[in-house]
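Asks: Just passing along the structure, written as C-alpha coordinates.
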Amino acid sequence: MITESPSVYNAYDFTAQVGKTASEMRKPAMFTDAPHEECGVFGIYAPGEDVARLTFFGLYALQHRGQESAGIAVSDGRTINTHKEMGLVAQIFDERSLRHLKGHLAIGHTRYSTTGSSHVINAQPFTMHTLLGPLAVGHNGNLTNAASLRRQLMERGVGLMTSSDSEVATMLLAGLEGANWDERIKGFTQCVEGAYCLTILTHDALYAVRDPWGLRPLCLGKLGANGWVVASESCALDTIGAEFVREVEPGEVLHIDMNGPKTIAHNPAPRSALCLFEYIYFARPDSELQGQLIHQVRMELGRQLVHEAPVDADLVVGVPDSALPAAIGYAQESGIPYGEGLIKNRYIGRTFIQPDQRLRQQGVALKLNPLRDMLAGKRVVLIDDSIVRGTTSGPIIKLLRKAGATEVHMRVSSPPIRHPCFMGVDMASYPELIAYNKSVEEIRQQIEADSLAYLSMDGLLRATGRDPQGFCGACFTGEYPFNVAEVGKEIFELTSG
Ligand code: AMP
(Lines give C-alpha, C1' and ligand atoms only; values in the text may rest on other atoms or scores of the structure.)
Protein backbone atom coordinates (compact mmCIF):
# COMPACT_ATOMS: atom_id res chain seq x y z
CA MET A 1 0.00 0.00 0.00
CA ILE A 2 1.09 3.59 -0.60
CA THR A 3 -0.19 6.77 1.02
CA GLU A 4 0.80 10.27 0.01
CA SER A 5 0.26 13.74 1.41
CA PRO A 6 1.39 16.36 -1.08
CA SER A 7 0.27 19.98 -1.12
CA VAL A 8 0.84 22.64 -3.76
CA TYR A 9 2.43 26.06 -3.31
CA ASN A 10 3.87 28.53 -5.71
CA ALA A 11 7.28 29.34 -4.32
CA TYR A 12 9.65 32.06 -5.46
CA ASP A 13 13.36 31.43 -5.53
CA PHE A 14 15.31 34.66 -5.14
CA THR A 15 18.65 33.19 -6.05
CA ALA A 16 17.37 31.40 -9.12
CA GLN A 17 15.37 34.34 -10.41
CA VAL A 18 17.77 37.22 -9.99
CA GLY A 19 18.84 38.35 -13.43
CA LYS A 20 16.13 36.46 -15.29
CA THR A 21 13.67 38.07 -17.64
CA ALA A 22 9.97 38.05 -16.85
CA SER A 23 9.28 35.61 -19.66
CA GLU A 24 11.99 33.24 -18.43
CA MET A 25 10.40 33.34 -15.01
CA ARG A 26 6.98 32.59 -16.42
CA LYS A 27 8.04 29.53 -18.41
CA PRO A 28 6.10 26.59 -17.02
CA ALA A 29 8.26 24.06 -15.19
CA MET A 30 6.93 21.35 -17.51
CA PHE A 31 8.99 22.78 -20.35
CA THR A 32 12.03 24.05 -18.57
CA ASP A 33 13.00 21.67 -15.84
CA ALA A 34 13.31 18.34 -17.58
CA PRO A 35 17.00 18.54 -18.40
CA HIS A 36 17.99 19.87 -15.01
CA GLU A 37 17.99 17.55 -12.05
CA GLU A 38 20.43 18.72 -9.43
CA CYS A 39 19.24 16.87 -6.39
CA GLY A 40 20.15 15.33 -3.09
CA VAL A 41 19.27 11.73 -2.28
CA PHE A 42 19.24 9.96 1.05
CA GLY A 43 18.30 6.46 2.20
CA ILE A 44 18.31 4.68 5.54
CA TYR A 45 17.72 1.14 6.83
CA ALA A 46 17.75 1.28 10.62
CA PRO A 47 15.41 -0.94 12.66
CA GLY A 48 14.56 0.62 16.01
CA GLU A 49 15.39 4.18 14.87
CA ASP A 50 13.05 7.02 13.98
CA VAL A 51 14.02 6.82 10.31
CA ALA A 52 11.74 9.66 9.17
CA ARG A 53 13.37 12.06 11.63
CA LEU A 54 16.86 10.92 10.61
CA THR A 55 15.94 11.33 6.94
CA PHE A 56 14.65 14.82 7.70
CA PHE A 57 18.04 15.79 9.16
CA GLY A 58 19.85 14.06 6.30
CA LEU A 59 17.86 16.11 3.81
CA TYR A 60 18.43 19.22 5.90
CA ALA A 61 22.18 18.67 5.38
CA LEU A 62 21.63 18.17 1.65
CA GLN A 63 19.44 21.24 1.22
CA HIS A 64 22.10 22.96 -0.94
CA ARG A 65 21.56 20.27 -3.60
CA GLY A 66 17.97 21.29 -4.14
CA GLN A 67 15.61 23.90 -2.77
CA GLU A 68 12.54 23.45 -4.91
CA SER A 69 10.83 20.56 -3.18
CA ALA A 70 11.57 17.71 -0.84
CA GLY A 71 10.01 14.47 0.24
CA ILE A 72 10.36 11.44 2.46
CA ALA A 73 8.99 7.94 1.88
CA VAL A 74 9.01 5.46 4.77
CA SER A 75 8.23 1.75 4.82
CA ASP A 76 7.16 -0.21 7.87
CA GLY A 77 7.68 -3.51 6.06
CA ARG A 78 4.25 -3.46 4.43
CA THR A 79 3.15 0.04 3.59
CA ILE A 80 5.06 2.96 2.10
CA ASN A 81 3.94 6.37 3.41
CA THR A 82 5.14 9.47 1.62
CA HIS A 83 5.08 13.16 2.39
CA LYS A 84 6.38 15.64 -0.18
CA GLU A 85 5.80 19.29 -0.88
CA MET A 86 7.22 22.35 -2.55
CA GLY A 87 9.68 24.37 -0.47
CA LEU A 88 12.59 23.91 1.87
CA VAL A 89 12.96 20.83 4.04
CA ALA A 90 12.28 22.81 7.23
CA GLN A 91 9.13 24.34 5.70
CA ILE A 92 7.73 21.00 4.58
CA PHE A 93 8.09 18.81 7.63
CA ASP A 94 6.92 19.28 11.18
CA GLU A 95 6.29 16.97 14.11
CA ARG A 96 2.82 16.18 12.79
CA SER A 97 3.92 15.12 9.32
CA LEU A 98 6.84 13.11 10.69
CA ARG A 99 4.51 11.29 13.12
CA HIS A 100 2.70 9.78 10.13
CA LEU A 101 5.92 8.42 8.68
CA LYS A 102 6.47 5.31 10.76
CA GLY A 103 8.76 2.48 9.76
CA HIS A 104 12.33 1.22 9.78
CA LEU A 105 13.52 2.08 6.27
CA ALA A 106 13.17 5.30 4.32
CA ILE A 107 14.37 7.38 1.41
CA GLY A 108 14.39 11.15 1.05
CA HIS A 109 14.95 13.61 -1.77
CA THR A 110 15.58 17.34 -2.24
CA ARG A 111 14.98 18.66 -5.72
CA TYR A 112 16.38 21.64 -7.55
CA SER A 113 14.66 23.26 -10.47
CA THR A 114 16.08 26.00 -12.62
CA THR A 115 13.38 28.38 -13.72
CA GLY A 116 9.75 29.28 -13.44
CA SER A 117 6.92 28.09 -11.31
CA SER A 118 7.14 24.48 -10.47
CA HIS A 119 4.71 21.93 -9.24
CA VAL A 120 4.51 19.29 -6.56
CA ILE A 121 3.84 16.76 -9.30
CA ASN A 122 7.60 16.80 -9.97
CA ALA A 123 8.51 16.44 -6.30
CA GLN A 124 10.15 13.20 -5.27
CA PRO A 125 10.25 10.43 -4.12
CA PHE A 126 7.98 9.08 -6.85
CA THR A 127 5.85 6.26 -5.52
CA MET A 128 3.70 3.58 -7.11
CA HIS A 129 1.98 0.25 -6.72
CA THR A 130 3.49 -2.63 -8.62
CA LEU A 131 2.95 -6.36 -8.87
CA LEU A 132 5.91 -6.75 -6.53
CA GLY A 133 4.43 -4.35 -3.98
CA PRO A 134 4.96 -0.64 -3.29
CA LEU A 135 7.91 1.22 -4.72
CA ALA A 136 9.42 4.65 -4.04
CA VAL A 137 12.26 6.20 -6.03
CA GLY A 138 14.52 9.24 -5.50
CA HIS A 139 16.79 10.26 -8.38
CA ASN A 140 19.73 12.64 -8.80
CA GLY A 141 21.11 13.15 -12.28
CA ASN A 142 19.95 13.11 -15.88
CA LEU A 143 19.12 10.13 -18.02
CA THR A 144 20.54 10.98 -21.43
CA ASN A 145 18.27 8.47 -23.17
CA ALA A 146 15.14 9.58 -21.28
CA ALA A 147 13.36 10.65 -24.50
CA SER A 148 13.57 7.22 -26.13
CA LEU A 149 12.74 5.47 -22.86
CA ARG A 150 9.73 7.75 -22.59
CA ARG A 151 8.61 6.85 -26.08
CA GLN A 152 9.10 3.12 -25.37
CA LEU A 153 7.01 3.40 -22.21
CA MET A 154 4.24 5.25 -24.04
CA GLU A 155 4.26 2.70 -26.82
CA ARG A 156 3.61 0.09 -24.14
CA GLY A 157 0.58 2.11 -23.03
CA VAL A 158 2.18 3.69 -19.97
CA GLY A 159 0.98 7.22 -19.29
CA LEU A 160 3.39 9.76 -17.83
CA MET A 161 2.29 12.69 -15.70
CA THR A 162 5.44 14.81 -15.75
CA SER A 163 8.34 15.74 -18.02
CA SER A 164 10.79 14.45 -15.44
CA ASP A 165 13.19 11.66 -16.33
CA SER A 166 12.92 10.56 -12.71
CA GLU A 167 9.33 9.54 -13.41
CA VAL A 168 10.56 7.66 -16.47
CA ALA A 169 13.03 5.83 -14.21
CA THR A 170 10.27 4.93 -11.74
CA MET A 171 7.87 3.70 -14.44
CA LEU A 172 10.62 1.71 -16.05
CA LEU A 173 11.46 0.01 -12.77
CA ALA A 174 7.81 -0.77 -12.15
CA GLY A 175 7.28 -2.24 -15.62
CA LEU A 176 10.47 -4.19 -16.20
CA GLU A 177 10.49 -7.95 -16.25
CA GLY A 178 12.05 -9.74 -13.33
CA ALA A 179 10.82 -12.01 -10.58
CA ASN A 180 12.13 -9.77 -7.82
CA TRP A 181 13.47 -6.27 -7.29
CA ASP A 182 17.11 -7.35 -7.51
CA GLU A 183 16.46 -8.61 -11.04
CA ARG A 184 14.44 -5.59 -12.10
CA ILE A 185 16.95 -3.08 -10.78
CA LYS A 186 19.80 -4.91 -12.49
CA GLY A 187 17.72 -4.89 -15.70
CA PHE A 188 17.08 -1.18 -15.22
CA THR A 189 20.81 -0.39 -15.15
CA GLN A 190 21.12 -2.12 -18.54
CA CYS A 191 18.49 0.15 -20.17
CA VAL A 192 19.36 3.58 -18.84
CA GLU A 193 22.18 5.86 -19.90
CA GLY A 194 23.46 9.01 -18.33
CA ALA A 195 23.96 10.26 -14.83
CA TYR A 196 21.98 8.75 -12.03
CA CYS A 197 22.19 8.16 -8.34
CA LEU A 198 19.07 6.45 -7.16
CA THR A 199 17.72 5.49 -3.80
CA ILE A 200 14.92 2.96 -4.13
CA LEU A 201 12.59 1.81 -1.39
CA THR A 202 10.59 -1.39 -1.56
CA HIS A 203 8.47 -2.65 1.31
CA ASP A 204 11.44 -4.45 2.88
CA ALA A 205 14.66 -3.22 1.28
CA LEU A 206 16.64 -0.13 0.40
CA TYR A 207 18.64 0.03 -2.83
CA ALA A 208 21.38 2.47 -3.79
CA VAL A 209 22.34 2.69 -7.45
CA ARG A 210 25.17 4.72 -8.98
CA ASP A 211 25.68 5.07 -12.71
CA PRO A 212 28.67 3.34 -14.35
CA TRP A 213 30.56 6.63 -14.73
CA GLY A 214 30.01 7.73 -11.15
CA LEU A 215 29.00 11.15 -12.40
CA ARG A 216 27.14 12.16 -9.27
CA PRO A 217 28.45 11.32 -5.79
CA LEU A 218 26.92 8.72 -3.44
CA CYS A 219 28.32 7.32 -0.21
CA LEU A 220 27.53 4.61 2.30
CA GLY A 221 27.57 5.03 6.07
CA LYS A 222 26.92 2.99 9.17
CA LEU A 223 24.59 4.07 11.95
CA GLY A 224 24.93 2.35 15.31
CA ALA A 225 24.98 -1.44 15.40
CA ASN A 226 22.44 -2.32 12.69
CA GLY A 227 21.76 0.83 10.74
CA TRP A 228 22.91 1.70 7.22
CA VAL A 229 22.69 5.01 5.41
CA VAL A 230 23.32 6.19 1.85
CA ALA A 231 23.57 9.84 0.91
CA SER A 232 24.66 12.09 -1.93
CA GLU A 233 27.30 13.61 0.30
CA SER A 234 29.17 12.66 3.45
CA CYS A 235 28.01 15.84 5.25
CA ALA A 236 24.58 14.17 5.60
CA LEU A 237 26.19 11.20 7.38
CA ASP A 238 28.01 13.53 9.79
CA THR A 239 24.78 15.38 10.55
CA ILE A 240 22.95 12.28 11.75
CA GLY A 241 25.96 10.77 13.54
CA ALA A 242 26.58 8.01 10.99
CA GLU A 243 30.08 6.85 10.19
CA PHE A 244 31.41 7.11 6.64
CA VAL A 245 32.12 3.61 5.30
CA ARG A 246 32.91 4.13 1.62
CA GLU A 247 31.65 5.61 -1.61
CA VAL A 248 29.15 3.59 -3.58
CA GLU A 249 31.25 2.53 -6.58
CA PRO A 250 30.46 3.64 -10.13
CA GLY A 251 28.15 1.01 -11.65
CA GLU A 252 27.35 -0.53 -8.27
CA VAL A 253 23.91 -1.61 -7.09
CA LEU A 254 23.66 -2.02 -3.33
CA HIS A 255 20.82 -3.96 -1.72
CA ILE A 256 20.42 -3.14 1.96
CA ASP A 257 18.17 -5.07 4.32
CA MET A 258 18.33 -6.76 7.72
CA ASN A 259 21.48 -8.56 6.56
CA GLY A 260 23.27 -5.29 5.84
CA PRO A 261 24.52 -4.02 2.48
CA LYS A 262 25.18 -6.44 -0.36
CA THR A 263 26.55 -5.56 -3.81
CA ILE A 264 24.21 -7.24 -6.30
CA ALA A 265 25.79 -5.72 -9.41
CA HIS A 266 28.98 -3.87 -10.24
CA ASN A 267 29.39 -2.77 -13.85
CA PRO A 268 31.64 0.26 -14.04
CA ALA A 269 32.35 2.10 -17.29
CA PRO A 270 35.90 1.86 -18.69
CA ARG A 271 36.74 4.98 -16.69
CA SER A 272 34.95 6.98 -14.04
CA ALA A 273 33.78 10.50 -14.74
CA LEU A 274 33.00 12.22 -11.46
CA CYS A 275 31.61 15.69 -12.13
CA LEU A 276 34.32 18.33 -11.56
CA PHE A 277 31.64 20.86 -10.74
CA GLU A 278 30.94 18.98 -7.52
CA TYR A 279 34.44 20.06 -6.41
CA ILE A 280 34.14 23.58 -7.78
CA TYR A 281 30.69 24.63 -6.64
CA PHE A 282 28.07 22.05 -5.97
CA ALA A 283 29.08 19.87 -3.02
CA ARG A 284 29.21 21.26 0.49
CA PRO A 285 32.75 22.26 1.61
CA ASP A 286 32.57 19.91 4.62
CA SER A 287 31.83 16.88 2.43
CA GLU A 288 34.54 14.46 1.36
CA LEU A 289 34.86 13.19 -2.19
CA GLN A 290 37.40 10.56 -3.15
CA GLY A 291 38.99 10.91 0.27
CA GLN A 292 39.43 14.68 0.05
CA LEU A 293 37.67 17.44 1.89
CA ILE A 294 35.97 19.70 -0.67
CA HIS A 295 37.11 22.77 1.31
CA GLN A 296 40.77 21.75 0.89
CA VAL A 297 40.38 21.22 -2.84
CA ARG A 298 38.74 24.63 -3.22
CA MET A 299 41.59 26.28 -1.30
CA GLU A 300 44.00 24.53 -3.65
CA LEU A 301 42.06 25.88 -6.65
CA GLY A 302 42.72 29.37 -5.28
CA ARG A 303 46.44 28.61 -4.80
CA GLN A 304 46.76 27.34 -8.38
CA LEU A 305 45.09 30.50 -9.61
CA VAL A 306 47.85 32.64 -8.04
CA HIS A 307 50.49 30.86 -10.14
CA GLU A 308 48.47 31.19 -13.32
CA ALA A 309 47.07 34.68 -12.82
CA PRO A 310 48.89 36.80 -10.22
CA VAL A 311 47.81 40.37 -9.64
CA ASP A 312 49.11 43.36 -7.72
CA ALA A 313 46.31 44.19 -5.25
CA ASP A 314 45.50 45.11 -1.63
CA LEU A 315 42.67 42.75 -0.73
CA VAL A 316 41.29 39.33 -1.75
CA VAL A 317 37.50 39.06 -1.54
CA GLY A 318 35.50 35.91 -2.30
CA VAL A 319 31.91 35.76 -3.53
CA PRO A 320 30.06 34.10 -0.65
CA ASP A 321 29.70 31.31 0.11
CA SER A 322 31.00 28.90 -2.48
CA ALA A 323 34.10 30.92 -3.50
CA LEU A 324 35.37 31.70 0.00
CA PRO A 325 37.73 28.70 0.31
CA ALA A 326 39.32 29.54 -3.09
CA ALA A 327 39.68 33.18 -1.97
CA ILE A 328 41.42 32.06 1.23
CA GLY A 329 43.76 29.85 -0.85
CA TYR A 330 44.49 32.74 -3.22
CA ALA A 331 45.27 35.06 -0.29
CA GLN A 332 47.52 32.52 1.45
CA GLU A 333 49.53 31.81 -1.67
CA SER A 334 49.83 35.40 -2.88
CA GLY A 335 50.39 37.03 0.49
CA ILE A 336 47.62 39.58 -0.26
CA PRO A 337 45.38 39.99 2.82
CA TYR A 338 42.04 38.15 2.74
CA GLY A 339 39.01 40.11 3.85
CA GLU A 340 35.28 39.75 3.93
CA GLY A 341 34.12 42.38 1.50
CA LEU A 342 30.69 40.99 0.73
CA ILE A 343 28.13 39.80 3.24
CA LYS A 344 25.48 37.37 2.08
CA ASN A 345 22.08 37.16 3.63
CA ARG A 346 22.33 33.65 5.07
CA TYR A 347 18.60 33.15 4.88
CA ILE A 348 18.13 34.11 1.28
CA GLY A 349 16.73 31.32 -0.79
CA ARG A 350 13.21 30.19 -1.37
CA THR A 351 10.40 32.38 -0.12
CA PHE A 352 6.69 32.50 -0.79
CA ILE A 353 6.81 36.29 -1.14
CA GLN A 354 7.74 37.59 -4.59
CA PRO A 355 9.83 40.76 -4.80
CA ASP A 356 8.13 43.59 -6.68
CA GLN A 357 9.66 45.04 -9.84
CA ARG A 358 11.69 47.69 -7.99
CA LEU A 359 13.16 45.09 -5.63
CA ARG A 360 13.87 42.76 -8.52
CA GLN A 361 15.93 45.50 -10.13
CA GLN A 362 18.03 45.56 -6.99
CA GLY A 363 19.45 42.32 -8.40
CA VAL A 364 22.37 40.95 -6.39
CA ALA A 365 21.81 43.58 -3.67
CA LEU A 366 18.91 41.42 -2.48
CA LYS A 367 21.43 38.83 -1.52
CA LEU A 368 24.82 40.55 -1.10
CA ASN A 369 25.86 43.70 0.76
CA PRO A 370 29.39 45.19 0.54
CA LEU A 371 31.43 46.14 3.61
CA ARG A 372 32.37 49.70 2.72
CA ASP A 373 35.11 50.16 5.34
CA MET A 374 36.90 47.04 4.08
CA LEU A 375 36.75 48.05 0.43
CA ALA A 376 37.22 51.83 0.33
CA GLY A 377 40.38 52.82 -1.53
CA LYS A 378 41.44 49.20 -2.13
CA ARG A 379 42.56 47.35 -5.25
CA VAL A 380 40.48 44.20 -4.94
CA VAL A 381 40.99 40.67 -6.29
CA LEU A 382 37.47 39.27 -6.56
CA ILE A 383 37.33 35.46 -6.55
CA ASP A 384 34.32 33.52 -7.79
CA ASP A 385 34.13 29.78 -8.34
CA SER A 386 32.54 30.01 -11.77
CA ILE A 387 30.96 32.27 -14.34
CA VAL A 388 28.00 30.56 -15.98
CA ARG A 389 25.60 32.99 -17.67
CA GLY A 390 27.62 35.96 -16.50
CA THR A 391 24.63 37.63 -14.91
CA THR A 392 25.98 38.08 -11.38
CA SER A 393 29.63 39.09 -11.94
CA GLY A 394 28.92 42.50 -13.48
CA PRO A 395 26.53 43.65 -10.73
CA ILE A 396 28.89 42.37 -8.00
CA ILE A 397 31.79 44.32 -9.51
CA LYS A 398 29.59 47.44 -9.62
CA LEU A 399 28.66 46.87 -5.99
CA LEU A 400 32.37 46.75 -5.01
CA ARG A 401 33.19 49.90 -6.96
CA LYS A 402 30.23 51.72 -5.42
CA ALA A 403 31.57 50.72 -2.00
CA GLY A 404 34.89 52.42 -2.81
CA ALA A 405 37.07 49.74 -4.45
CA THR A 406 39.50 51.50 -6.82
CA GLU A 407 40.23 48.43 -8.99
CA VAL A 408 38.45 45.07 -9.30
CA HIS A 409 40.42 42.15 -10.75
CA MET A 410 38.26 39.09 -11.19
CA ARG A 411 39.77 35.61 -10.83
CA VAL A 412 37.66 32.51 -11.40
CA SER A 413 38.61 29.20 -9.78
CA SER A 414 37.45 27.10 -12.75
CA PRO A 415 37.92 27.30 -16.54
CA PRO A 416 35.39 29.08 -18.80
CA ILE A 417 32.14 27.11 -19.09
CA ARG A 418 31.59 26.73 -22.82
CA HIS A 419 29.30 23.70 -23.04
CA PRO A 420 26.01 22.74 -21.37
CA CYS A 421 25.83 19.92 -18.86
CA PHE A 422 23.60 17.04 -19.90
CA MET A 423 24.40 15.11 -16.76
CA GLY A 424 22.52 16.96 -14.08
CA VAL A 425 24.08 20.36 -13.33
CA ASP A 426 22.09 23.42 -14.28
CA MET A 427 24.44 24.94 -16.84
CA ALA A 428 21.91 26.36 -19.27
CA SER A 429 22.07 25.94 -23.02
CA TYR A 430 24.83 27.08 -25.41
CA PRO A 431 23.41 30.54 -26.15
CA GLU A 432 23.00 31.29 -22.45
CA LEU A 433 26.61 30.49 -21.54
CA ILE A 434 28.63 33.69 -21.61
CA ALA A 435 31.88 31.88 -22.54
CA TYR A 436 30.25 29.93 -25.38
CA ASN A 437 31.05 32.52 -28.01
CA LYS A 438 32.91 35.24 -26.14
CA SER A 439 36.62 35.57 -25.50
CA VAL A 440 37.94 36.22 -22.00
CA GLU A 441 38.61 39.83 -23.03
CA GLU A 442 35.03 40.25 -24.30
CA ILE A 443 33.70 38.83 -21.03
CA ARG A 444 35.97 41.19 -19.07
CA GLN A 445 34.52 44.12 -20.98
CA GLN A 446 30.96 42.94 -20.41
CA ILE A 447 31.37 42.53 -16.65
CA GLU A 448 33.50 45.70 -16.47
CA ALA A 449 36.39 44.19 -14.51
CA ASP A 450 39.86 45.76 -14.57
CA SER A 451 41.22 42.32 -15.40
CA LEU A 452 39.79 38.82 -15.68
CA ALA A 453 41.44 35.40 -15.60
CA TYR A 454 40.15 31.86 -15.27
CA LEU A 455 41.92 28.79 -13.87
CA SER A 456 43.18 26.43 -16.58
CA MET A 457 41.91 22.87 -16.97
CA ASP A 458 45.38 21.63 -15.97
CA GLY A 459 45.33 23.78 -12.86
CA LEU A 460 41.88 22.48 -11.95
CA LEU A 461 42.87 18.85 -12.39
CA ARG A 462 46.11 19.40 -10.48
CA ALA A 463 44.15 20.87 -7.55
CA THR A 464 42.00 17.74 -7.26
CA GLY A 465 45.15 15.69 -6.67
CA ARG A 466 43.49 12.72 -8.34
CA ASP A 467 43.81 10.87 -11.65
CA PRO A 468 42.84 13.46 -14.31
CA GLN A 469 41.21 10.67 -16.34
CA GLY A 470 38.67 10.05 -13.58
CA PHE A 471 36.57 13.18 -14.09
CA CYS A 472 33.92 14.68 -16.30
CA GLY A 473 34.85 18.22 -17.32
CA ALA A 474 32.57 18.32 -20.36
CA CYS A 475 31.23 21.79 -19.49
CA PHE A 476 34.78 23.10 -19.95
CA THR A 477 36.05 20.91 -22.79
CA GLY A 478 32.94 19.66 -24.64
CA GLU A 479 34.26 16.11 -24.25
CA TYR A 480 31.27 14.25 -22.88
CA PRO A 481 31.96 10.83 -21.36
CA PHE A 482 29.29 9.25 -23.58
CA ASN A 483 27.06 10.08 -26.51
CA VAL A 484 24.74 12.94 -25.59
CA ALA A 485 23.22 13.48 -29.04
CA GLU A 486 19.70 12.60 -27.90
CA VAL A 487 19.56 14.83 -24.86
CA GLY A 488 21.48 17.57 -26.67
CA LYS A 489 18.77 17.75 -29.30
CA GLU A 490 16.06 17.74 -26.63
CA ILE A 491 17.69 20.59 -24.71
CA PHE A 492 18.05 22.57 -27.90
CA GLU A 493 14.35 22.13 -28.67
CA LEU A 494 13.34 23.06 -25.14
CA THR A 495 15.49 26.15 -24.88
CA SER A 496 14.96 27.47 -28.36
CA GLY A 497 11.17 27.19 -28.14
P1 AMP B 1 26.19 33.41 -13.42
O2 AMP B 1 25.74 34.70 -12.84
O3 AMP B 1 25.13 32.73 -14.23
O4 AMP B 1 27.49 33.53 -14.15
O5 AMP B 1 26.43 32.40 -12.23
C6 AMP B 1 27.64 32.33 -11.56
C7 AMP B 1 27.41 32.29 -10.07
O8 AMP B 1 26.41 31.32 -9.74
C9 AMP B 1 28.65 31.92 -9.30
O10 AMP B 1 28.72 32.79 -8.19
C11 AMP B 1 28.43 30.50 -8.82
O12 AMP B 1 28.87 30.32 -7.49
C13 AMP B 1 26.95 30.28 -8.93
N14 AMP B 1 26.61 29.02 -9.62
C15 AMP B 1 27.39 28.29 -10.41
N16 AMP B 1 26.73 27.20 -10.85
C17 AMP B 1 25.50 27.26 -10.34
C18 AMP B 1 24.36 26.41 -10.42
N19 AMP B 1 24.41 25.28 -11.12
N20 AMP B 1 23.25 26.78 -9.76
C21 AMP B 1 23.21 27.93 -9.05
N22 AMP B 1 24.27 28.76 -8.93
C23 AMP B 1 25.40 28.44 -9.55
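The values are calculated or read from the model by the stated rules, or taken from the named source; none is laboratory data. Note that the structure is a prediction, hence the values are computed from the model and not measured. Note that each Cβ is placed from the backbone with ideal geometry, even for glycine, and that neighbours are counted across all protein chains shown. Note: areas computed on protein heavy atoms with side chains; ligands, DNA, RNA excluded. Shrake-Rupley method; radii C 1.70, N 1.55, O 1.52, S 1.80 Å.
Asks: What aspartates and glutamates sit close enough to residue 222 to cross-link, taking a C-alpha to C-alpha distance under 19 Å and skipping anything fewer than 8 places away on the same chain?
Replies: Hits, sequence-local ones excluded: 49, 50, 204, 233, 238, 243, 247, 249, 252, 257, 286, 288.
Asks: Once ligands and nucleic acids are excluded and a 1.4 Å probe is used, how much of residue 49 is accessible, expressed in Å² to the nearest 10?
Replies: Per-residue accessible area (residue 49): approximately 80 Å².
Asks: Starting with the highest mean, order 334-341, 391-398, 41-48 by the number of other Cβ atoms within 10 Å, averaged over the residues of each peptide.
Replies: Order by mean packing, descending: 41-48, 391-398, 334-341.
Asks: In debye to the nearest 20, how big a dipole does the chain give about its Cα centre with +1 on each Lys and Arg Cβ and -1 on each Asp and Glu Cβ? List each step's numbers first, then the result.
Replies: Numbers: 45 positive and 56 negative charges, 185 e Å.
Here the size comes out at about 900 debye.
Asks: Placing unit charges on C-beta atoms (Lys and Arg positive, Asp and Glu negative, everything else neutral), compute the dipole magnitude of segment 95-174 about its Cα centre in debye, rounded to 20.
Replies: 160 debye
Asks: Also: Measure up 402/438; 102/367; 84/186; 84/398 against 32 Å on the Cα-Cα distance and list the ones that go over.
Replies: Numbers: 402/438 27 Å; 102/367 39 Å; 84/186 27 Å; 84/398 40 Å.
Violating the 32 Å Cα-Cα cut-off are 102/367; 84/398.
Asks: Compute the label zone of residue 129 within segment 165-200: residues whose backbone N is under 17 Å from the point 7 Å along Cα-to-Cβ.
Replies: Counting backbone N atoms under 17 Å from the label point, the list is 171, 174-175.
Asks: Using a 1.4 Å probe, how large is the accessible area of residue 439, given in Å² and rounded to the nearest 10?
Replies: Approximately 50 Å² of residue 439 is accessible to the 1.4 Å probe.
Asks: Turning to a different aspect of this structure: Would you work out which of 302, 464, 355 lies farthest towards the positive end of the dipole of segment 288-477? Charges go on Cβ: Lys and Arg +1, Asp and Glu -1.
Replies: Going by the charge dipole, the pick is 355.
Asks: Report the full-extension gain for the segment residue 440 to residue 120: residue separation times 0.36 nm, less the Cα-Cα distance, to one decimal in nm.
Replies: Net length gain for the segment: 111.1 nm.
Asks: I would also like to ask the following. By how many nm would the segment from residue 362 to residue 156 grow when fully extended, if each residue of separation counts as 0.36 nm and the alpha-carbon distance is taken off?
Replies: The span from residue 362 to residue 156 would gain 69.1 nm if fully extended.
Asks: Using only the Cα atoms of segment 288-477, what do you get for the radius of gyration and for Dmax, in Å?
Replies: 16.5, 49
Asks: What order, most packed first, do the peptides 253-260, 455-462, 138-145, 317-324 have when packing is the mean number of other Cβ atoms within 10 Å of each residue? Let's see the in-between values first.
Replies: Numbers: 253-260: 17.5, 455-462: 19.0, 138-145: 27.6, 317-324: 23.0.
Sorting 253-260, 455-462, 138-145, 317-324 by mean packing, highest first, produces 138-145, 317-324, 455-462, 253-260.
Asks: Restricting to DSSP H runs of at least four residues, report the calculated mean residue ellipticity at 222 nm for the chain, -39500 (n - 2.57) per run over all residues, nearest 500 deg cm²/dmol.
Replies: The helix contribution divided over the chain gives -8000 deg cm²/dmol.
Asks: Would you please report the Å³ per residue occupied by the convex hull of the alpha carbon atoms in segment 70-184? Don't skip to the answer; put the middle values down first.
Replies: Working: hull volume 13.4 nm³, N = 115.
Spread over its residues, the Cα hull of segment 70-184 gives 117 Å³ apiece.
Asks: Which of the peptides 155-162, 183-190 is most tightly packed, and how do the rest follow, judged by the mean count of other Cβ atoms within 10 Å per residue?
Replies: 183-190, 155-162
Asks: Moving on. Nearest 5 percent is fine: what portion of the DSSP beta bridges confined to the chain is antiparallel?
Replies: Roughly 75 percent of the DSSP beta bridges within the chain come out antiparallel.
Asks: Using a 1.4 angstrom probe on heavy atoms only, work out the carbon and sulfur share of the accessible area of the chain in %. If you can, show how the numbers build up before the last one.
Replies: Working: 10000 of 19450 Å².
Summing carbon and sulfur atoms, their accessible area is 51 percent of the total for the chain.
Asks: If I model a spin label at residue 402 and residue 269 as a point 7 Å from the Cα along the Cα→Cβ vector, what separation in nanometres do I get?
Replies: That separation, rounded to one decimal, is 4.4 nm.
Asks: Still on this structure, I have one more. Could you rank 57, 277 by how accessible they are, 1.4 Å probe, largest area first?
Replies: Listed by decreasing accessible area, they come as 57, 277.
Asks: Rank these by accessible area, largest first, 1.4 Å probe: 84, 222.
Replies: Final ranking, largest accessible area leading: 222, 84.
Asks: Just how far, in whole angstrom, is segment 441-480 from segment 120-179 if you go by their alpha carbon centroids?
Replies: So the two Cα centres are separated by 36 Å.
Asks: Here is a further query. Please report, in whole Å, how far the alpha carbons of segment 411-472 spread along each principal axis, starting with the longest.
Replies: On the principal axes, segment 411-472 reaches 36, 26, 14 Å in Cα extent.
Asks: Let me test this: with uniform point scatterers at the alpha carbons of the chain, what is the Debye-based log₁₀ I(q)/I(0) at q = 0.06, 0.07 1/Å?
Replies: Once normalised to I(0) and log-transformed, intensities are -0.26, -0.36.
Asks: If you don't mind, another one. Let me spell out the model: positive unit charges on the Cβ of Lys and Arg, negative unit charges on the Cβ of Asp and Glu, origin at the Cα centre of segment 430-469. What dipole size does that give, in debye rounded to 20?
Replies: 180 debye
Asks: Further, regarding this structure: If you scale each eigenvalue of the Cα gyration tensor by 5 and take the root, what three semi-axes come out for segment 200-325, rounded to whole angstrom and sorted largest first?
Replies: 35, 17, 10
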